[in-house]
Amino acid sequence: EDGENKVLNTVSPLTPADGRDVYLVVANSSTYGGAALGNVGTMTLHPQSIEVALHEIGHSAFNLADEYDYGSCGTSSEPSEVNVTRQTSRANIKWRQFINANTPVPTQAGSVANGTVGLFQGGKYCTSGVYRPTENSRMRALNNPWHGVNEARAQAVFDSYTGTQVNLPAITSQP
C-alpha cells in the first residue's frame, strides 16, 4: 500500500468524502522535510514547517509544480501544471496575460523585481528547457510569496468549490 492510499484508508472512515480534499500529515520529528503525493502533503515539526506545509499544499491542493532545479528532469513534453512551461513564445505561454508588455521574454534573473511575472529559466527540476513565471515564488524557495500565477491557480481551485469568481486573469489550465 502506497503512502497516499494508506492515508486515505485511515482517514476515510472518519471524514465523509465530500468533507475532504487535501490531507496534511505531520511527522513527529524535528528533521527538516516535506513532500506531496496526490492529495496528501507531509511536513515535520521543523521550525520551517509552516513554510514547508504551504509549499506542499501548493502541490496537493493546487497542482503546482516545483519551480526549482534538482538534478534530472524531463523536457520532452509540455508540463501539465500551470506554473511551468516549455513554451518561449509570448503568445503560447500559459500565463501570458500576467506578463507586462515591457517585460522581456525570456526574463533574466535579477532584471526585474521579484514577483514580476515573466519567463524565467528553470523549473520542475530542470536548469534549462523549462520555465517558471517569477524569479522566486513559494514553489521555488521558502519564505517567498506565492505571486500572481500561483495565486490565480489557488483562486481558481477555490472558485471551483464556491462558484464565485474573483477578478484575477484566468490561466489556461483547468482545476
Spin-label zone in region 24-54 - amide nitrogen under 17 Å from a point set 7 Å from the Cα of Ala17 along the C-beta vector: 39
Residue among Val25, Val117, Val52 with the largest mean-square fluctuation in a Gaussian network model of the chain, springs linking Cα atoms under 10 Å: Val25
Candidates Phe158, Phe120, Phe62: whichever shows maximal mean-square fluctuation once the chain is modelled as a Gaussian network with Cα springs under 10 Å: Phe158
Semi-axes of the equivalent ellipsoid for the chain, Cα gyration tensor, largest first, Å: 29, 19, 15
Accessible surface, per residue, of region 25-96 when the full set of protein chains is kept, probe 1.4 Å, Å²: 50
Accessible surface ranking that places the most exposed of Trp146, Trp95 first, with a 1.4 angstrom probe: Trp146, Trp95
Rounded to the nearest 10 Å², the accessible area of Glu78 at probe 1.4 Å: 70
Antiparallel DSSP beta bridges within the chain, percent to nearest 5: 55
Built amide H within the under 5 Å cut-off of Trp146, gap 5+: Arg138
Choice from Leu54, Leu14, Leu142 showing the highest fluctuation, given a GNM over the chain with Cα pairs closer than 10 Å: Leu14
Vicinal HN-Hα couplings computed from phi for region 115-130 (Karplus, 6.51 cos²θ - 1.76 cosθ + 1.60; Hz; Gly/Pro x): x, 5, 7, x, 9, 9, 5, x, x, 6, 6, 9, 7, 8, x, 10
Nearest-20 debye value, the chain charge dipole, Cβ charges on Lys, Arg, Asp, Glu: 500
Heavy-atom accessible surface of region 1-113: percent carbon and sulfur, 1.4 Å: 51
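The values are calculated or read from the model by the stated rules, or taken from the named source; none is laboratory data. It should be emphasised that the depicted structure is a prediction, and the values quoted were computed from it without experimental measurement. Because the Cβ atoms are built from the backbone with ideal geometry, glycine has one as well, and the counts that use them run over all protein chains shown. Note: areas computed on protein heavy atoms with side chains; ligands, DNA, RNA excluded. Shrake-Rupley method; radii C 1.70, N 1.55, O 1.52, S 1.80 Å.
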